[in-house]
Every structure is written in C-alpha cells, then in structure tokens.
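Read the figures in this text as sums done on the coordinates, not as results from a lab. Being a predicted model, the structure only gives us computed values, none of them experimental. Counting neighbours? That spans all protein chains shown, and the Cβs are built from the backbone with ideal geometry, glycine included.
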Amino acid sequence: MRGYETVIGLEVHVELKTRTKIFCSCPTDFGAEPNSQVCPVCLGLPGTLPVLNKKAVELAVRAGLSLNSSIAKHSKFDRKNYFYPDLPKAYQISQFDMPLCTGGYIEIDSDGERKRIGITRIHMEEDAGKLLHRDGATLIDCNRCGIPLIEIVSEPHMSSAAEAVAYLKKLRQALLFAGVSDCKMNEGSLRCDVNLSVRRPGEPLGTRCELKNLNSFKFIEKAIEYESKRQIEVIEAGGEIVQETRRFEESSGRTFSMRKKESQSDYRFFAEPDLPPLTLSGAYIEKVRASLPLLPDERVRMYKERYGVPVSDGEVLTQEVEFADYFEECARLTRYPKSAANVILSELLGIIGPGDSLYRIAPAHVAAVCNMTGDETVNSATAKKLIRLMWEEDFDPEERVAREGLAQINDEKAVRAFVISAISKCEKAVADYKNGKETAIRSIIGKAMGESRGRANPTVVASLVYEELQIL
C-alpha cells in the first residue's frame, strides 16, 4: 500500500470449556437469564475468597501444548486494576510476569509458502461481564463474570488481513481438536483484539492502535484493511498516529477511537494475595500431553500417508472435529478409505445445513456404499443417489440395493443391448458424430445409461458406444 507494510499482532481471548467458573462454582451456561449465574465470589462481595478451578488449569495446559508452547511449572496470578463497569470488584484476576505458557507458534500458508507465526505467551484470567445498551440506558449482566479465559498473545509476525484470518482459523482448529473450548465466535467464546501499525519497510515499528473485541473472521478482515489504510493516510497527510484503543463499526466498516491505550503501569499489577502460586509437576504436564488427540496438521499428514487423501482434501476434513472424526470412522470400516473422503467432501458437505450432523447417516452405511462402489457392485450414479436418500432417512444401503435391484450391470452382452438400443434412438447424435462432432457421443452414452435405468457400468457403456459407432 503505497510503499508501506502493515505489522499485526493478535490477542485472542478464549473461554475454556468448563462446567463452572474459574474461581467459584457458578455454572457457565450460555444464554441463561441475566444475573442468574452469580454468587458473592464472582460478584466481588467483601469477605469472599477465590478457589482455582482445576479443570481450567488442565484446559489451559492443553492449549499451550497444542500450540507448541512451554508450560511453566511455577506461575502465579496477579490483580489487574482499572475501572470495569461490568466487573463488580473493579479488578481482574489475571497473570502478568509469570504466565502459565510461554513461546509457541502456528504455521500458516501465506502466498503458497509456509509461514510460522510466533506466540509470545498464553495466560489465564477471568472474564468480565457484559453491558447491554437499551433505550438510552445501560444494563449489566454479570453471568459472564468469572468465566475462565486464556489470552493467547501472538508476536507481530502477520502483515495482512489474510494472514491474520489464516492464523485465527488454525488457532481455532487446534483449540477445538484439543477440546479446550467450543470457540463459538457468535457467543463470544473466541474473540480477538488486533494490534496494528504501519511502517516503511526496514524502519522501526510504528505506533500501534488496538482494535477491540472482534468476533468474526469477516469483521477482523475488514477492520484490518480499513485501519491499515487509515493509518497510512494519516501519515501521508503529515499527521501522527496516536496510541489508542479503537472499535470497529460493522455497519460502516470503519474504526473509531474509544480511549487512550493503557500502559502496563496504568494497570498497577500486583500479585493476587488470595491465591497461592500455581505449581505443576513435570508428571502432570506429561499426563496432559499424553491425553491430547491428534491435532489437525497431524491428521492431515496421517490421512495422506495412510489413506492417500490429498493434503487439500485433508485440510477440509479437519476444519471441524466432527468432519474428521466421521471420516476416520468411515475409513476404518471400508476397504476404500479414499472413496469415503470423496463421499464426505463431494456429497455430504454439499447438503449439510446449519445445525445438521454428518451422523444423520451411520458411518457404517457410508462405508458400505464405498465398498459397493469400489467393488463395482454399484456405479457412481447409484452411489450418489443412495447417499442423498440416506440423508433424508438412514437405511442399510446393501439391503436396499439387493431389494430394489440397483446392482451395477457389468455383463458386456447385457450392456451392449442397451447401447444398440440407444444408438437406434439417437439418429441426430450419430450423424453429428460421423460428421466429426466428437462431443455428440456424450448424448448417446447418456441415452444408453438411461436405457439401463442408470445401472450399467459407465466405463463399459462408453467403450461399447465407441465400438458400435466405428462399425456403423
């Protein structure tokens, strides 16, 4: 952009998938009646003491291990002080100078090349509540106060909106597969702050602005593109970038100043006096590591090596945990696992709707269709028809094929009869073919398949149509 480069770092807040809050036993259910999931601890009433949620620690460690971070055996919690209108005690319990996880990285594809995005740290903290603005008034819902969070802070290694979105998608994949969070951006369980500056190549980092609380890939992309352009225009006009916090307005696609950006000294961090330091043994860390499932990149490699599934297809299959798990069940049950991948990608992902599950069709039934196709018991057209019918109401495809006589006709004599009949009914196509229009053969093949009610072996049909036309 006119000789400038954009420098981007992301702070991603992720709600951990626990049943109760980080320092009390209140539930974490989304969408509950406002202020119905609170207690004296998460409301910050005098005399209350926090108790650390063991499951939250485990999930935070899982996140760190999934993102190639080092897990600290000794860490601590701190108080981060400033006025939170939606956090009653007016400070947040977080981690400052001794976070749970340090280092790590995520690898993304950038312009066809592999690029490593570094992770600075991952620390634990509690969430604040939620402000609701209605009819000129502001209401406070404290249900979210105390929801366990991790904050994943990246290095400023991204240089475009596309790279930032690619990083976030890979991050979300890793956390989903590790079972750390449901990562529902529409519910706020994964949201992002963007730190962005611009500079001439080779110059020191420019003054950065922070874009707060972005919760969709689309809005993150639009906010980055607008803010990069805005900062360049300010500099080109002779102005200076002010370090500040800005919000993105979805309706206009613009960013607006919210407040001057706080510095670390503004937060007056000090060690949380009501919580002891967090100490983890090496054995505990290794136990958590051993419990991790295969993560997306590992699964993509495994699909290629074990099943012959191309990397591009494997990347689609690992976009969601259910897709990957479903494919692996199908692959385990069929003699043609690559065919199972094709069925999921070409057929099922084309008809699945919001809220639908691939498990509407039993994996064993998809595997049976793949076996019948691979064994040439049915042709591809029949296989597609079976998949579509099973999506409406699941059934045993082998039983249906036997009962309705849907098996593929491979016998050359029987197929030739369909071909001869088709040729006799396609005089124009035959004439066109004889006059050099080779594509006319397609309509004859289609007619022959129709004559067989879609059951003839397409390869045999094509071969016999060509053979019969040569002797006319």
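For the stretch 222-373, the Kirkwood estimate of hydrodynamic radius, built from reciprocal distances between every pair of different alpha carbons, is 20.8 Å. Under 28 Å of direct C-alpha separation, and excluding same-chain neighbours fewer than eight residues apart, Lys413 reaches these lysines: Lys384, Lys385, Lys425, Lys428, Lys434, Lys437, Lys447. Among Lys17/Lys115; Lys17/Lys229; Lys55/Lys184, which pairs are too far apart, with a Cα-Cα distance over 31 Å? The answer is Lys17/Lys229.
Taking a sphere under 14 Å around the Cβ of Glu187 and counting the other residues whose Cβ falls inside, with K and R at +1 and D and E at -1, yields a net charge of +1. Each Lys or Arg adds one and each Asp or Glu subtracts one; over the other residues with Cβ under 15 Å from the Cβ of Val38, this totals -2. Cα extents for the stretch 198-285 along the principal axes, largest to smallest and rounded to whole angstrom: 54, 28, 28. Relative contact order for the stretch 304-397 using alpha-carbon pairs under 8 Å, separation at least 6, rounded to a whole percent? Dividing the mean separation by the residue count of the stretch 304-397 yields 27 percent.
Taking amide H atoms as placed 1.01 Å from N in the peptide plane, the amide H of Lys21 lies under 5 Å from those of Cys26, each 5 or more residues away in sequence or on another chain. Here the chain is assigned +1 on the Cβ of each Lys and Arg and -1 on the Cβ of each Asp and Glu. Its dipole about the Cα centre then comes out at about 220 debye. Here the 3J(HN,Hα) profile of the stretch 227-235, calculated from phi with Karplus coefficients 6.51, -1.76 and 1.60 at θ = phi - 60°, is 5, 4, 5, 4, 5, 4, 5, 4, 5 Hz, Gly and Pro shown as x. Within the stretch 371-406, which residues have the backbone N less than 20 Å from the label spot 7 Å out from Ser421 along Cα→beta-carbon, could you tell me? Taking a point 7 Å out along Cα→Cβ of Ser421, the residues of the stretch 371-406 whose backbone N falls under 20 Å are 378-382, 404-406.
For the listed residue pairs Lys130/Lys170; Lys218/Lys304; Lys170/Lys218; Lys80/Lys287, the alpha carbons are over 21 angstrom apart in Lys130/Lys170; Lys218/Lys304; Lys80/Lys287. With Cα atoms as the point set, the radius of gyration and Dmax of the chain evaluate to 29.5, 98 Å. The phi torsions of the stretch 197-202, fed into the Karplus equation with coefficients 6.51, -1.76 and 1.60 and a -60° offset, translate into couplings of 9, 10, 7, 6, x, x Hz, rounded to whole numbers, with Gly and Pro shown as x. Each part gets one Cα centre, and for the stretch 197-261 versus the stretch 52-74 those centres are 32 Å apart. Taken as Cα centroids, the stretch 422-457 and the stretch 313-368 sit 35 Å apart, rounded to the nearest whole angstrom. Could you work out the percent of alpha carbon pairs in the stretch 31-154 separated by over 22 Å, rounded to a whole number? Above the 22 Å cut-off, the stretch 31-154 has 47 percent of its Cα pairs. Local charge for Ile444 was computed over the other residues whose Cβ lies under 15 Å away, with Lys and Arg +1 and Asp and Glu -1, and equals +1. Taking 0.36 nm per residue of separation and subtracting the current Cα-Cα distance, fully stretching the chain between Arg289 and Leu139 would add 49.8 nm.
A protection proxy built from the mean count of other Cβ atoms within 10 Å ranks the segments 198-209, 114-125, most packed first, as 114-125, 198-209.
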